[in-house]
1. Just the residues that are among the β-branched types (V, I, T) and either closer than 30 Å to B:G40 by Cβ or touching a Gly at 6+ places or on another chain (Cβ under 7 Å) (or both), please, taken from the range A:55-107.
2. Would you check which residues across the range B:48-85 are hydrophobic (A, V, I, L, M, F, W, C), in a helix (DSSP H, G or I) and at the interface with chain A (Cβ under 10 Å from one of its Cβ atoms) and list them?
3. Residue by residue through the range B:164-192, note down the ones that are part of a loop (DSSP other than H, G, I, E, B), more than 14 Å from every other protein chain (Cβ to nearest Cβ) and under 16 Å from the mean Cα position of the chain (by Cα).
4. Would you call B:D90 away from chain A (no Cβ under 12 Å), closer than 20 Å to B:K192 by Cβ and within 16 Å of the chain's Cα centre (by Cα)?
5. Within the range B:46-78, can you find the residues that are in contact (Cβ under 8 Å) with a residue 40 or more places away in the chain and either over 28 Å from B:R168 (Cβ atoms) or of a type in the set (A, V, I, L, M) (or both)?
6. Taking the conditions exactly as written (at pLDDT 80 or above, assigned to a helix (DSSP H, G or I) and in contact with a Gly (Cβ under 8 Å, 6 or more places away or on another chain)), does B:L105 satisfy them or not?
7. Of all residues in the range B:26-50 being touching a Leu at 6+ places or on another chain (Cβ under 8 Å) and over 26 Å from B:T170 (Cβ atoms), which is modelled with the lowest pLDDT?
8. Of all residues in the range A:16-44, which are surrounded by 13 or more Cβ atoms within 10 Å (Cβ to Cβ) and of a type in the set (A, V, I, L, M)?
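The values are calculated or read from the model by the stated rules, or taken from the named source; none is laboratory data. The structure displayed is predicted, hence computed values, not measured ones. Here the Cβ positions follow ideal geometry from the backbone for every residue, glycine too, while neighbour counts run over all protein chains shown.
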Amino acid sequence: MTGIQLLLIFGVSVLGIYYVIRLRKTVADLMLMLALIGIAVSFILWPELTNKIAHGLGVGRGADLVYYVCILLFSFALLKLYSRMRKLEQEFTRLVREDALKNVEKF
Amino acid sequence: MNQNFIHIVIPVYNHGKELNAIVDSLQQLGYRHIIVVNDGSGRDIFNGSPPKGISYLKHRVNLGQGAALQTGFLQALKNGAQIVVCFDADGQHNPHDIQALVAPLLNAEADLTTGSRFLSEAPESMPWGRRLLVRAGRFVNYLFTGILLTDAHNGLRALNRNAIEKIRITENRMAHATEILFEVKKHGLILKEVPVNINYTAYSRRHGQSSWNSIKIFFDILFYKLFT
């Protein structure tokens with residue numbers, strides 16, 4: 001195993017463990033995370049696997065395929081984060097507004 | 001005209017120089033119900049003592065003009081308003097325009113009226129850069145809402161009670177002007193433009209929208225379309 005493989009496996013494991021411990025607790029989330037970690041680790045250990053899939057999909061190199069999928073995943077994560085932020089902002093606005101309406105002053 | 005059922009909402013953020021004079025001029029014209037919404041200003045907006053006879057609400061943090069207007073609308077509904085007029089705090093709007101603005105609502109010709117700087121002759125004092133921005137804004141509004149106005153993002157508006165009860169502003173910042181158009185369409189409200197005059201003073205230019213803001217508004221509208 002090469003140094004970069006060790007580093008990547010370590011990084012993926014830390015991210016997965018952090019996600020399960022701090023963010024998600026349901027069994028379905030755990031299974032999904034385990035599956036994703038499994039796929040990531042397999043691709044790290046056997047990079048030629050990505051090449052085979054890439055060729056099957058009409059992409060030249062495995063690394064390119066991983067890059068494209070990453071862009072998609074990042075965009076998805078960004079949109080999810082944005083929609084959560086909007087919800088939070090709306091809730092925040094509701095609270096600030098309620099407070100303002102409750103404490104109206106007449107001069 | 002009986003001004004008693006007209007409520008005027010003034011959202012304020014870090015203005016102050018002109019506010020007392022604006023309230024005073026509105027009161028002199030007989031408008032008794034004035035709601036000032038302080039949108040989390042970091043300093044005293046009244047330059048000392050607040051004017052008499054106003055309702056004053058304060059957001060503890062700055063949310064944006066759209067949020068301040070919605071808060072003002074809810075307070076106006078509570079106060080029993082039949083017509084609400086949105087009025088800017090930077091001295092751009094002319095209190096004498098209100099009469100023309102509310103006339104179509106009183107005659108049941110419209111549920112909502114907005115001021116237009118272009119129905120009367122385009123004001124000489126309008127900076128050319130802003131004129132260009134307003135034109136671009138009109139077409140962005142048209143693209144998103146299908147409503148082609150002669151002016152875009154004119155803050156001087158009047159709404160009847162039916163419109164205030166139906167319209168919900170969720171865009172806290174400046175994109176609320178376009179959101180109102182979405183709401184107009186959604187609820188089948190009747191919108192009419194009324195010619196108004198805008199004073200571009202050095203003060204209002206400093207506090208007006210920059211080009212950068214227009215880009216931010218565009219993205220706010222885009223995300224509003226994506227997420228609601």
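1. If the condition is that a residue be among the β-branched types (V, I, T) and either closer than 30 Å to B:G40 by Cβ or touching a Gly at 6+ places or on another chain (Cβ under 7 Å) (or both), then A:T93, A:V96, A:V104 are the ones that fit.
2. B:A67, B:A68, B:L74
3. Scanning the range B:164-192 gives B:I167, B:M174.
4. No.
5. Across the range B:46-78, the qualifying residues are B:L63, B:A67, B:A68, B:L69, B:A76, B:L77.
6. So B:L105 fails the test.
7. Ranking the candidates gives B:N47 first.
8. The answer is A:V20, A:L30, A:L32, A:M33, A:L36, A:I37, A:A40, A:V41, A:I44.
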